[in-house]
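Asker: Before I ask anything, here is the structure I am working with.
Only the coordinates and a few stated rules stand behind these numbers; no lab work does. Here the structure is a predicted model, which means the values were calculated and not measured. Cβ coordinates were reconstructed from backbone atoms using ideal geometry, including for glycine residues, and neighbour counts include every protein chain displayed.
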Amino acid sequence: MRTFLGAPIRIRDEVFGNLYPTEKFGSRGFTQDDEAIVQALAAAAGVAIDNALDRPAALTDSPHPEVAVMSDEIAVNPIFTREPMSIPRNRLPDGDLDPDTAYQIVHDELLLDGNARLNLATFVTTWMEPRARVLMAECSDKNMIDKDEYPRTAELEQRCVRILADLWHAADPDHTIGCSTTGSSEACMLAGLALKRRWQHRRRAAGEPTDRPNLVMGINVQVCWEKFANYWDVEARLVPMSGDRFHLTAEEAVKYCDENTIGVVAILGSTFDGSYEPVAEICAALDELRERRGWDIPVHVDGASGAMIAPFCDPELVWDFRLPRVASINTSGHKYGLVYPGVGWVVWRDAEALPEDLVFRVNYLGGQMPTFALNFSRPGAQVIAQYFTFLRLGRRGFERTQRYCREVASDLADRIAKLGPFRLLTDGRQLPVFAFTLAETETGYSVFDVSAALREQGWLVPAYTFPADREDLAVLRVVVRNGFTHDLADLLIEAFERAIPRLRAQDRPLRGPESGGFAHGTESH
């Protein structure tokens, strides 16, 4: 039997929601006997269902009675009236709705989303403190671009830039250049534009052509870099994976460079497996290349995740502006910056690294306003929340939070390895992220079957294949974020333990990459 919202549901004489009984599987309708069964079950649960048979069916006719077909109308019986009503799903309603009704419709539909706290696919922050949420609500009407109208919001943005510049060892943090963005994808676009424009200026000054720029990066980069290359006519020189090398190395990077290379992108925390690329080694190899060939090639560090992990968990690691060849760094405030989406940051080592002709100045909002962004209007609340988080946690608070995430990730990785069917590729001791695949002895099921079995228990653990030249390797990945505790890790292990016997009973894999339900590289950046 299928049910749908419609008839009022009462608990202890208070109406809480609505129910539509509709046709049964393989039957033509909902009978008096069916209603008696529903009423008996409801009574046992202390729930009253009124007028069940008087409510219209909510599903359209289907040639397959076992498949529910979504109607173009939403049937609603609001909690404050007994009169049924319907509204269009895909068109603007003719009239207005009571706010409670509109809320009910949207709220109830969102109940079918996955549980954000159990989503181990996303890097995005899914929990903030109540005071942070209050502050964001208070600032929800502020437009970040209106810097003349909201000067204190603009000042908080610049304070965040200076905090990040200091964290990343800029030579003069108080006079650094940087800005907030909607996320790391926009930040990477801006950094890439700066690399291209600097290269064009150098080539024109030397009387050389500027028609064939290229950008060197590992094939494990987030998809925004491929978009940048496509949108701004830059050749993307993607270094493929090989064997057990899953990210860019110094040796491979210099092989792909030439006089038209605008820069090299080094990733501090690959989204595929959580590993750091060797930024210092890449810079040293490019220093040697300059001595040998005269090509002065800058480095951009894509620290979408790692730029807010390494300063607190790996302070001895040299990857940032301490390396003279690093021209710019980006990070996602809504990842390990611990702020709800979407906010990102990009910082240049000095004014020379950001060509002046990329900065626009407008005055039609009042005041002379410099802007360097792909977006114009965007919320200011996330920027304010970032400053709140910097104040609230401080260096010690970030250290505790990020180190706890790494502790949970590394412990969980070790426990998954001990289960037997899995082989670790990374162990969560760089980013609090790790990837693992099936042991060679496990032939009756796939990582996609494992992902589906965990999803049945509420856990979202992505399965996907690696890019060229390791398309043969299919993996699972776990991202540990703030709010994912040892207790939740225990529950995840229990979910694995429940799933493994059933999976091992299969005689062949049931799912492949096409059913993984996870498009790698499209997650928030």
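Asker: Between the DSSP loop rule and a limit of at most 13 other Cβ atoms within 10 Å, which chymotrypsin sites (Phe, Trp or Tyr not before Pro) in the range 367-425 are left?
Answerer: Working: sites: Phe372, Phe376, Tyr387, Phe388, Phe390, Phe398, Tyr404, Phe422; in loops: Phe372, Phe376.
In loop regions of the range 367-425 (DSSP not H, G, I, E or B), the sparsely surrounded chymotrypsin sites (Phe, Trp or Tyr not before Pro) are Phe376.
Asker: For the range 376-449, count all C-alpha to C-alpha pairs, find those more than 17 Å apart, and express that count as a whole percent of the total.
Answerer: Numbers: 1664 of 2701 pairs.
Pairs farther apart than 17 Å: 62 percent.
Asker: Roughly how big is the range 404-515's charge dipole about its Cα centre, with Cβ charges of +1 (Lys, Arg) and -1 (Asp, Glu), in debye to the nearest 20? Don't skip to the answer; put the middle values down first.
Answerer: Values: 14 positive and 17 negative charges, 20 e Å.
Dipole magnitude for the range 404-515 comes out near 100 debye.
Asker: If you wrap a convex hull around the alpha carbons of the range 79-168, what volume per residue comes out, as a whole number of Å³? Spell out each step's value before the answer.
Answerer: Details: hull volume 19.9 nm³, N = 90.
Convex hull volume per residue, Cα atoms: 222 Å³.
Asker: Work out the length of the dipole vector of the range 74-201 about its Cα centre, built from +1 on the beta-carbon of each Lys and Arg and -1 on the beta-carbon of each Asp and Glu, and round it to the nearest 20 debye.
Answerer: On the way: 14 positive and 20 negative charges, 131 e Å.
Dipole magnitude for the range 74-201 comes out near 620 debye.
Asker: Now a separate question. Please give every one of the aspartates and glutamates within straight-line cross-link reach of Lys418, meaning a C-alpha to C-alpha distance under 14 Å, and leave out same-chain neighbours fewer than 8 residues apart.
Answerer: Asp427, Asp490, Glu494, Glu497
Asker: In whole Hz, what ³J(HN,Hα) sequence does the range 217-228 give by Karplus (6.51, -1.76, 1.60; θ = phi - 60°), x for Gly and Pro?
Answerer: 6, x, 5, 7, 5, 5, 4, 4, 6, 5, 5, 4
Asker: I've got another one for you. Provide the packing ranking of 324-336, 303-315, i.e. peptides ordered by the mean count of other C-beta atoms within 10 Å per residue, highest first. Intermediate results must be reported in sequence, preceding the final value.
Answerer: On the way: 324-336: 26.5, 303-315: 24.1.
Ranking, from highest mean packing down: 324-336, 303-315.
Asker: Would you kindly derive the ³J(HN,Hα) couplings of the range 248-262 from the backbone phi angles with the Karplus curve 6.51 cos²θ - 1.76 cosθ + 1.60 (θ = phi - 60°), listing them in order in whole Hz, with x for Gly and Pro?
Answerer: Each residue of the range 248-262 in turn: 6, 10, 4, 4, 6, 4, 5, 4, 9, 8, 8, 5, 9, 6, 7 Hz.
Asker: List the extent of the Cα atoms of the range 157-276 along each of their three principal axes, largest first, rounded to whole Å.
Answerer: For the range 157-276, the Cα extents along the three principal axes come out at 43, 41, 26 Å.
Asker: Next up: So who's got an amide H within less than 5 Å of the one on Glu235, skipping anything under 5 residues away but keeping other chains? H placed 1.01 Å off N, in plane.
Answerer: Correct list: Asn214, Leu215.
Asker: Return the tail of the calculated pair distribution for the range 404-515, meaning the percent of Cα-Cα pairs more than 26 Å apart.
Answerer: 13
Asker: What list of ³J(HN,Hα) values in whole Hz, one per residue of the range 145-152 in order, does the Karplus curve 6.51 cos²θ - 1.76 cosθ + 1.60 (θ = phi - 60°) give from phi, with Gly and Pro shown as x?
Answerer: 6, 7, 6, 6, 6, 10, x, 6
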